[in-house]
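K.L.:
The structure under discussion is supplied below as structure tokens; questions concerning it will follow.
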Amino acid sequence: MSLKDAIVATGPLPIGEVTQAQKKRYSEILSSHLAREVADGLRAVGFPNVMPRRDGPGEKAFQGGLGPKKVDVSYSDEQHGLLLAVSIKSINFPPFGKNLKNRFGDLLTEAITLHLRFPYSVVCMLFAFPIASNEDLTKGRKLSTFDRAMKLFATVSGRRDYTDPGEKFENVAMMLFEPYSAKRRRPKFQLFDAGTREQLTEADYFLTLGKIYNERNPHAQIGEENVDED
């Protein structure tokens, strides 16, 4: 279980003359594999019944405040509905900043939709960029797209209380990765907390989500005793 496994399973990043269909396909496959690894990571720190299941059902749909919404990774039960969600997004092809603001707006709408219906739910985001997005500096642009994205998403990270603005996320993590290739069969990645800009280990990331959840749910704690063995 590792986010690195998701990068490997996605395969090489298409290069050269890449069609829109190829770009979309790569991004969809990456998100799907990342969702399964994130779900496994949450199960490892004590969240039972997390979707998606490996080799099983995928994303789950919830009736949000603005209509139905599919959630990439979710923890829920019949009594409370949605308790924790992780939305997984990526921008994988240059120009990396072209759709950043549009993606930002879409994600805020997603957070609002879920928080309107489930104000106590812990709604998080994992946003992935290839390493090239951190190297696209020009004479007129002093910040890479990755740095710009980090600053942008920091403004909507850190929702601490159920009464805080619904467009904010309880946690936003940024992932910078080296795509899999014939030369890089063991690609590397880095995780950052967008709000603090601190680098996280993969283990710390999942423990952080568990801590946020437990602070929001003092009477329904998760922990090692709840580790899902499936």
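K.L.:
Test Phe96 against the criterion of being in contact with a helix residue (DSSP H, G or I) (Cβ under 7 Å, 6 or more places away or on another chain), in a loop (DSSP other than H, G, I, E, B) and closer than 29 Å to Arg184 by Cβ, and give yes or no.
P.N.:
Numbers: in contact with a helix residue (DSSP H, G or I) (Cβ under 7 Å, 6 or more places away or on another chain): yes; in a loop (DSSP other than H, G, I, E, B): yes; closer than 29 Å to Arg184 by Cβ: yes.
For Phe96, the condition - in contact with a helix residue (DSSP H, G or I) (Cβ under 7 Å, 6 or more places away or on another chain), in a loop (DSSP other than H, G, I, E, B) and closer than 29 Å to Arg184 by Cβ - is met.
K.L.:
Something else about it: Does Tyr205 meet the test of being part of a helix (DSSP H, G or I) and either hydrophobic (A, V, I, L, M, F, W, C) or on the phi < 0 side of the Ramachandran plot (or both)?
P.N.:
Spelling it out, Tyr205 is indeed part of a helix (DSSP H, G or I) and either hydrophobic (A, V, I, L, M, F, W, C) or on the phi < 0 side of the Ramachandran plot (or both).
K.L.:
Being in contact with a Cys (Cβ under 7 Å, 6 or more places away or on another chain) and acidic (Asp, Glu) is the filter here, so list the residues in the range 200-218 that pass it.
P.N.:
None; the set is empty.
K.L.:
Next up: Which ones in the range 3-45 are of a type in the set (Ser, Thr, Tyr) and touching a Leu at 6+ places or on another chain (Cβ under 6 Å)?
P.N.:
Across the range 3-45, the qualifying residue is only Thr10.
K.L.:
Answer with yes or no whether Ser87 is at pLDDT 95 or above and crowded, with 22+ Cβ neighbours inside 10 Å. Write out each step before concluding.
P.N.:
On the way: at pLDDT 95 or above: yes; crowded, with 22+ Cβ neighbours inside 10 Å: yes.
Yes, satisfied.
K.L.:
Further, regarding this structure: Please go through the range 177-200 and give me each residue that is among the charged types (D, E, K, R), surrounded by 14 or more Cβ atoms within 10 Å (Cβ to Cβ) and in a loop (DSSP other than H, G, I, E, B), ordered by number.
P.N.:
Residue satisfying the conditions is Glu178 alone.
K.L.:
Mind listing just one residue for me: the one in the range 96-125 that is more than 19 Å from Arg159 (Cα to Cα) and in contact with a Ser or Thr (Cβ under 8 Å, 6 or more places away or on another chain) and, of those, surrounded by the fewest Cβ atoms within 10 Å (Cβ to Cβ)?
P.N.:
Gly97
K.L.:
Return the pair list, or none, for Cβ contacts closer than 6 Å from residues in the range 186-202 that are under 18 Å from Glu170 (Cα atoms) to residues that are part of a loop (DSSP other than H, G, I, E, B) and at pLDDT 95 or above, at least 6 apart or on different chains.
P.N.:
Partner pairs satisfying both residue conditions: Gly195/Gly158.
K.L.:
Would you check if Lys89 is under 30 Å from Glu135 (Cβ atoms), of a type in the set (D, E, K, R) and assigned to a strand (DSSP E or B)?
P.N.:
When the stated conditions are applied, Lys89 passes them.
K.L.:
Quick check on the range 126-167: of everything there that is under 15 Å from the mean Cα position of the chain (by Cα) and among the aliphatic types (A, V, I, L, M), which residue is surrounded by the fewest Cβ atoms within 10 Å (Cβ to Cβ)?
P.N.:
Ala154
K.L.:
Which is modelled with pLDDT of 95 or more, in contact with a Ser or Thr (Cβ under 6 Å, 6 or more places away or on another chain) and under 26 Å from Leu30 (Cβ atoms), of Ala132, Ala128, Ala149, Ala154?
P.N.:
Going through Ala132, Ala128, Ala149, Ala154 in turn, the sole match is Ala128.
K.L.:
Please work out which one of (1) more than 14 Å from Leu100 (Cα to Cα); (2) part of a strand (DSSP E or B) is the condition Met174 fails and give its number.
P.N.:
Evaluating Met174 over (1) more than 14 Å from Leu100 (Cα to Cα); (2) part of a strand (DSSP E or B) leaves (1) as the failure.
K.L.:
Answer yes if at least one residue in the range 63-75 is free of Cβ contacts under 8 Å to residues at least 40 places away in the same chain, part of a helix (DSSP H, G or I) and surrounded by 15 or more Cβ atoms within 10 Å (Cβ to Cβ), and no otherwise.
P.N.:
Taking every residue of the range 63-75 in turn, none turns out to be free of Cβ contacts under 8 Å to residues at least 40 places away in the same chain, part of a helix (DSSP H, G or I) and surrounded by 15 or more Cβ atoms within 10 Å (Cβ to Cβ).
The values are calculated or read from the model by the stated rules, or taken from the named source; none is laboratory data. Bear in mind that the values here come from a model prediction, so they are computed numbers and not experimental data. With ideal geometry, Cβ positions are generated from the backbone for all residues, glycine too; neighbour counts draw on all protein chains shown.
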